Protein chains: 2
Amino acid sequence: MTGRDGGADLQPIEPSPIVILVRPQLAENIGAVARAMGNGGLFHLRLVAPRDGWPQERAWRMASGAHRILESLTVHETVADAVKDLHRVFATCPRPRHIIKPVLTARGAAAEIHAIGARNMKAGILFGPERAGLDNDDIACADSLIRYDLNPGFMSLNLAQAVMIMGYEWFIARDEDAAVKNLQTNETHVATKGELENFMGHLVRACDEAGFLKNPQKRPGMVRNLRHLFQRGEVTSQELNTLHGVVSDLARGPRE
Amino acid sequence: MTGRDGGADLQPIEPSPIVILVRPQLAENIGAVARAMGNGGLFHLRLVAPRDGWPQERAWRMASGAHRILESLTVHETVADAVKDLHRVFATCPRPRHIIKPVLTARGAAAEIHAIGARNMKAGILFGPERAGLDNDDIACADSLIRYDLNPGFMSLNLAQAVMIMGYEWFIARDEDAAVKNLQTNETHVATKGELENFMGHLVRACDEAGFLKNPQKRPGMVRNLRHLFQRGEVTSQELNTLHGVVSDLARGPRE
């Protein structure tokens, strides 16, 4: 099935979503992901805390010519940093439990990602580490979950295969873009994840100072729940400004 | 994205198509194919002339638990032998040239494969060797071609990825089976590839003896063209019997 086409002139097909590998373990898999991205017309890759550091020559060997994707990728210390300029984040997650977020198939997510692109917003997709998958804190950074419709009797899905399916569905669905109208008005702007994170920092600090998060065992779960709450739906930049004001004013305590 | 589910109780989801790897080069890829098949609910694997022989321990290491697929596979010397009990054969082929056969997308092929299964017929899918892909003689054994809708600017598709996409589409499409009625009547039976091959042998022998295929340079192409001709459409066993009679009678020469 391979061809002789090199990837020297591999170009992004815009607007294409950003693939974010969270704590990837094997450099070979990062290379195989780049190759799969090339097949699916994806280009933008971000790594969060790759286990063995970056760059790694082994990745280039597995990329089969998709070098431009590896050369253009960025490395981030945290998921929050990797998503801060994005408007919508999807998390691939085989078995979501106790999480109230929309769950989409890969096909459904591909359609949404095209609709997001048509509104001039940036979308990203989180893929977890090879062995364990995304943890609850990673998933808390996402708006929606993607669960692949695959054999439930055999769940061991290779990382590059997971990226391949998403890229394949995205590439096929691009033809339907014309049907998606630009729904964005000039009055509202969906907040970026960075703006949301900035507000979350403000909120958590205020809660800490107010003693609301004083139980150290319950604190991580409560912060995560707050994060889930504000991720749901699309918060606009203007709404966030209002929320900042609310938190600041509440934190100041009762006025005399 | 991986789970901890072993593949010890991996079961075929019937009727599932047969994956046929033609002259695969790397045992690692055979293992990765088995893993992808497990994800897509496929089970039946055949190898045609694997370069390094079989079995190979390296395949088991890459199969990530899909051992039952590797343990159940069969090895064949030729494509003709690997398809002889099948009724419909698909060939994955990135750039078909000068071949008059139906070309399907992976999604279209998945729908057809389910329709074939609903008629109690057996389907197989040919995947070519890693570097070169299927050759013209391999493709001559197929009824239809499958061309993936992927980035034409980067054609280097890994073997296991090619199988993954097909398995993914097949697994999703299985839900639509109920809509496909059993179209087979009791009067006709589509010939197996073995029956067709048997007739082709008869025909080519007769042509050779009649001097029709006497030009050694043109012979392979002419045999291939005959093969293409009889592959097109679904020849029934009864029709083949008739054709055998025609060839036998013609070869006997004019009666006095």
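Nothing in this text is a laboratory measurement; each read-out follows from the coordinates by a stated rule. Keep in mind it's a predicted model, so treat the numbers as computed, not measured. Here Cβ is always computed from backbone atoms with ideal geometry, including for glycine, and neighbour counts include all displayed protein chains.
Here is how the numbers come out for the structure above:
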{"item": "Choice from B:227, B:119, B:88 with maximal GNM fluctuation in chain B (Cα, 10 Å cutoff)", "result": "B:119"}
{"item": "Taking only Cα atoms of the protein assembly as shown, radius of gyration then Dmax in Å", "result": "27.4, 125"}
{"item": "Amide H partners (placed H, <5 Å) of residue A:148, local residues excluded", "result": "A:93"}
{"item": "Per-selection Rg to Rh, chain A - Cα, Kirkwood hydrodynamic radius", "result": "1.00"}
{"item": "Per-residue [θ]222 nm for chain A (sum of -39500 (n - 2.57) over DSSP H runs n ≥ 4, rounded to 500)", "result": "-12500 deg cm²/dmol"}
{"item": "Ordering of B:46-59, A:212-225 by packing [mean C-beta count within 10 Å, highest first]", "result": "B:46-59, A:212-225"}
{"item": "Residue of A:39, A:151, A:120 that the Gaussian network model of chain A assigns the largest fluctuation, springs spanning Cα pairs under 10 Å", "result": "A:151"}
{"item": "Calculated P(r) of the stretch B:193-252 - Cα pairs past 14 Å, %", "result": "55 percent"}
{"item": "Length-normalised contact order for chain B - Cα pairs under 8 Å, 6+ apart - percent", "result": "22 percent"}
{"item": "Too-long pairs where the Cα-Cα distance tops 25 Å, listed order kept, from B:101/B:214; B:101/B:193; A:101/A:122; A:122/A:214; B:101/B:122; A:84/A:214", "result": "B:101/B:214; A:122/A:214; A:84/A:214"}
{"item": "Total charge dipole magnitude, the protein assembly as shown, about the Cα centre, Cβ charges on Lys, Arg, Asp, Glu only, Debye to nearest 20", "result": "320 debye"}
{"item": "Rounded to 5, percent antiparallel among DSSP beta bridges of chain A", "result": "5 percent"}
{"item": "Residues with amide H under 5 Å from that of residue B:236, placed H, sequence gap 5 or more", "result": "B:191"}
{"item": "Number of partner chain Cβ atoms within 10 Å, mean per residue of A:37-48", "result": "3"}
